[in-house]
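Before any comments, here is the structure.
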Amino acid sequence: MHFQFIFKSICMSHNVNYNERSGEYSFFSVKEKPWWNLGKVISEYPNSREALIEAHLDYEVVKEPIYTTSFNSDGQTMDFNKRVKTHFATIRKDTGDVLGVVGKDYQIVQNVEAFGFFDAIVGGDGIQYETAGALGNGEKIFITAKLPEYIKVGKEDLIEQYLFLTTSHDGFGSITAAFTPVRVVCQNTLNTALKNHSNCIKIRHTANAKDRLEQAHKLMGITNTLSQQLESIFNRWAKVQINDREIKKLIQQAMCPNKEVYNNLQAGKDDDLSTAFKNICDNTFAYAMGNETQTMDTTRGTLFGAYNAVTGYFQNVREYKNDEAKMKSLLYGGIGQMRTQKAFDLCLGFEKEEFIGVYN
């Protein structure tokens with residue numbers, strides 16, 4: 001199973017970069033057909049250099065001066081232009097497209113450096129580049145890479161470990177890299193943070209190459225820590241039984257949007273709960289009880305299954321305005337990530353017999 005379902009969401013219809021000169025789209029995926037029939041499918045995992053070429057990301061970005069019209073004291077245009085000293089334009093050299101306007105301290109991270117970021121994490125050994133591409137005119141790029149090790153829950157329930165990275169050349173946003181485990185059987189993202197560790201790091205474009213390399217190794221340290229802790233926790237949860245009433249309560253607490261709803265839940269005022277909130281909880285409970293991915297030994301009637309019901313709702317049931325909204329919800333601190341984090345914390349409390357529901 002592949003991580004494409006997340007990065008299909010990044011592209012928002014036909015926003016994949018199309019190079020008019022080459023007549024090709026900037027995207028590749030391994031083994032599975034890309035969305036909208038764009039880009040290229042390849043049969044084997046490429047190395048970083050091959051991935052750059054397959055995704056048509058082997059272009060260079062440069063900073064060039066910006067000039068504006070000059071005016072005399074009467075407000076009339078003059079026959080020479082004035083250079084802007086505080087900002088530069090970022091330009092893609094192979095096409096000449098202007099990608100953005102950036103400050104003078106902005107450091108361009110070339111696409112080859114972004115791939116090198118991943119290579120540095122694991123020394124290039126065992127990492128599998130699964131998707132990569134560019135959006136718009138090439139101002140934004142994304143990469144997903146699968147790590148060689150699995151998290152194993154029980155005998156057969158496997159969780160793949162992925163790193164994803166996005167960066168831009170337009171001056172908006174930081175370089176973002178994150179660790180995201182994915183349950184193979186249903187492709188649920190299991191985002192969570194443990195013991196004050198975030199699963200994501202952000203690096204400003206003003207950082208130098210040495211700082212970025214240090215952050216790469218920091219991310220790998222986070223990945224190792226989260227992987228070990230998650231495997232231990234999920235295996236414990238797979239042995240903890242939870243009944244239907246407790247699952248419903250856990251779902252309600254995890255999905256609770258504000259203190260007013262929380263107080264109504266605690267007071268048993270079901271009639272004061274909104275229809276929208278009730279539908280969310282009902283759909284999540286239905287997923288917990290009826291989805292085929294919830295019938296495994298690790299999930300049927302277990303705490304691990306209850307947690308997967310919440311992640312499964314946001315991944316496979318909830319309807320989003322568009323694919324970009326889904327991606328933001330699941331990966332960039334949106335509602336899906338917030339609610340699954342709350343579900344994770346509630347499951348930890350249930351395991352310790354401290355499950356009373358807490359509104360944050």
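Any read-out appearing in this document is the output of simple, stated calculations on the displayed coordinates, not a laboratory observation. Worth saying up front: this structure is predicted, and the values here are computed from it rather than measured. Positions of Cβ are backbone-derived with ideal geometry, glycine not excepted, and every protein chain shown enters the neighbour counts.
Enumerate the calculated ³J(HN,Hα) couplings along segment 56-65 in order (Karplus 6.51 cos²θ - 1.76 cosθ + 1.60, θ = phi - 60°), each rounded to whole Hz, writing x wherever the residue is Gly or Pro.
6, 9, 7, 10, 9, 10, 10, 9, 10, x
In segment 239-351, with Lys and Arg counted as +1 and Asp and Glu as -1 at Cβ, which of these residues, T340, T295, N308, has the Cα nearest the positive end of the dipole, that is, farthest along it?
T340
Just want the ordering: E50, E130, E231, from fewest to most Cβ atoms lying within 10 Å of their own Cβ.
With the sparsest Cβ surroundings first, the list reads E50, E231, E130.
Can you pull the three principal axis extents for the Cα set of segment 239-351, in Å, largest first?
Answer, in whole Å and largest first: 36, 34, 23 Å.
Given springs between every Cα pair under 10 Å in a Gaussian network model of the chain, which of T68, T180, T167 has the largest fluctuation?
Evaluated over the chain, the most mobile residue of the options is T68.
For the cross-link pairs K269/K326; K155/K326; K63/K140; K82/K140; K146/K248, which exceed 23 Å when the distance is taken from alpha carbon to alpha carbon?
Over 23 Å apart, Cα to Cα: K269/K326; K155/K326; K82/K140; K146/K248.
Report the antiparallel proportion of the DSSP beta bridges in the chain as a percent, rounded to a multiple of 5.
Roughly 95 percent of the DSSP beta bridges within the chain come out antiparallel.
What number, in percent, do you get for the relative contact order of the chain if the mean sequence gap of Cα pairs under 8 Å and at least 6 apart is divided by its residue count?
Relative contact order here is 14 percent.
Among the aspartates and glutamates, which fall within straight-line cross-link reach of K218, defined as a Cα-Cα distance under 16 Å, with same-chain neighbours fewer than 8 residues apart omitted?
Those aspartates and glutamates meeting the cut-off are D119.
Ranked highest first by the average count of other Cβ atoms within 10 Å around their residues, in what order do 271-281, 145-155, 52-62, 74-84 fall?
52-62, 145-155, 271-281, 74-84
Give me the three principal axis extents of segment 58-131 from the C-alpha atoms, as integers in angstrom, largest value leading.
The Cα atoms of segment 58-131 stretch 66, 24, 14 Å along their principal axes.
Working out 0.36 nm times the residue gap between T86 and V240, then minus their Cα-Cα distance, what length gain in nm do you get to one decimal? Before the final figure, lay out each step's value.
On the way: separation 154, 0.36 × 154 = 55.44 nm, distance 5.95 nm.
Stretched out fully, the T86 to V240 stretch lengthens by 49.5 nm.
If you take the C-alpha gyration tensor of the chain, multiply each eigenvalue by 5 and take the square root, what semi-axes do you get, largest first, in whole Å?
Output for the chain: semi-axes of 42, 25, 19 Å.
Using DSSP to define loop residues, name the chymotrypsin sites (Phe, Trp or Tyr not before Pro) in segment 170-242 whose beta-carbon has at most 14 other beta-carbon atoms within 10 Å.
Here the sparse-neighbourhood loop sites are F172.
Segment 266-303 to segment 144-170: how many Å between their Cα centroids?
Computed from Cα coordinates, the inter-centre distance equals 27 Å.
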